[in-house]
Amino acid sequence: MPEDEPSSPVCYMAEADDVYMGFAGRDELLKSLDELLEAERAGAKVALASSRMPATRAYTALMRTIWADEARWCAMLAEQIGRLEATPSHQTGAFREKALAIADPFDRLAFLNRGQAWVVRKLEEMLPRVRDEQLHGVLKDMLESHRRNIRSAADLLHTENAAC
């Protein structure tokens with residue numbers, strides 16, 4: 001046996017298929033990434049429309065921050081889907097219509113925050129199954145960004161409720 005060949009099955013683990021090793025396969029990753037992209041696209045559209053509503057300066061500033069983050073994550077997800085040699089979805093999640101139907105800005109913010117929490121749960125479920133280090137890194141950054149936005153929205157909602 002040549003010296004540079006692994007001598008046992010354990011030595012072959014680094015070369016094992018992702019699915020065999022318990023990680024998500026390409027098709028599963030692409031499905032999840034497209035689902036996240038559609039949700040982020042919906043969130044970006046909701047945040048942009050919400051930033052134009054008559055509300056407090058703090059609300060408008062938060063909506064602009066969320067919009068910028070959602071747009072950034074849309075671009076990242078589309079890039080990662082392309083890196084996996086697939087075409088990103090062009091759909092927008094149903095969340096958009098539901099959120100835009102809410103007239104009160106702070107009720108809409110509370111609904112948007114629930115959508116952000118859904119993305120957090122999705123990412124928390126997905127991350128342990130992502131073997132690709134680059135993809136794992138950007139998804140982890142996305143997770144932390146959503147957690148920050150959730151805290152900021154919760155703080156604003158608390159401040160607004162205390163003022164009433």
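Using a 1.4 Å probe, what is the accessible area per residue for the chain, in Å²?
Heavy-atom accessible area per residue stands at 58 Å².
Express the C-alpha Rg of the stretch 80-164 as a ratio against the empirical globular expectation 2.2 N^0.38 Å, rounded to two decimals.
1.33
If DNA, RNA and ligands are ignored and the probe is 1.4 Å, what is the ranking of W67, W73 by accessible area, most exposed first?
Most to least solvent-accessible, the answer reads W67, W73.
Give me the three principal axis extents of the stretch 25-90 from the C-alpha atoms, as integers in angstrom, largest value leading.
Principal extents (Cα only, largest first): 45, 16, 14 Å.
In the chain, with Lys and Arg counted as +1 and Asp and Glu as -1 at Cβ, which of these residues, A71, L135, L123, has the Cα nearest the positive end of the dipole, that is, farthest along it?
A71
So what's the angle, to the nearest 10 degrees on a 0 to 90 scale, between helix 57-83 and the longest Cα principal axis of the chain?
20
Report the local net charge at E124: Lys and Arg +1, Asp and Glu -1, summed over other residues whose C-beta lies under 12 Å from its C-beta.
Values: positive: R121, K122, R129, K140, R147; negative: E125, E144.
Charge balance in the 12 Å sphere: +3.
Taking the Cα centre of the chain as origin and charging only Cβ (+1 Lys, Arg; -1 Asp, Glu), how large is the dipole, in debye to the nearest 20?
Charge dipole of the chain: 1260 debye, to the nearest 20.
Relative to the first principal axis of the alpha-carbon coordinates of the chain, what is the inclination of helix 133-163, with its axis defined by its Cα atoms, in degrees from 0 to 90 and to the nearest 10?
20
Based only on Cα atoms, what Rg/Rh ratio does the stretch 21-164 have, Rh being taken as Kirkwood's radius?
A ratio of 1.01.
Suppose a student asked you for the relative contact order of the stretch 21-164, using Cα pairs under 8 Å spaced at least 6 residues apart; what percent would you report? Before the final figure, lay out the partial values.
On the way: 140 pairs, mean separation 42.2, N = 144.
Once divided by the residue count of the stretch 21-164, the mean separation gives 29 percent.
Probe radius 1.4 Å, ligands and nucleic acids ignored: give me the carbon and sulfur share of the accessible area of the chain as a rounded percent.
Carbon-and-sulfur percentage of accessible area, whole number: 53.
The values are calculated or read from the model by the stated rules, or taken from the named source; none is laboratory data. Being a predicted model, the structure only gives us computed values, none of them experimental. Here the Cβ is made from the backbone with ideal geometry for all residues, glycine too, and neighbour counts use every protein chain on show. The area values use the complete protein model at the heavy-atom level, side chains included, leaving out ligands, DNA and RNA. Shrake-Rupley method; radii C 1.70, N 1.55, O 1.52, S 1.80 Å.
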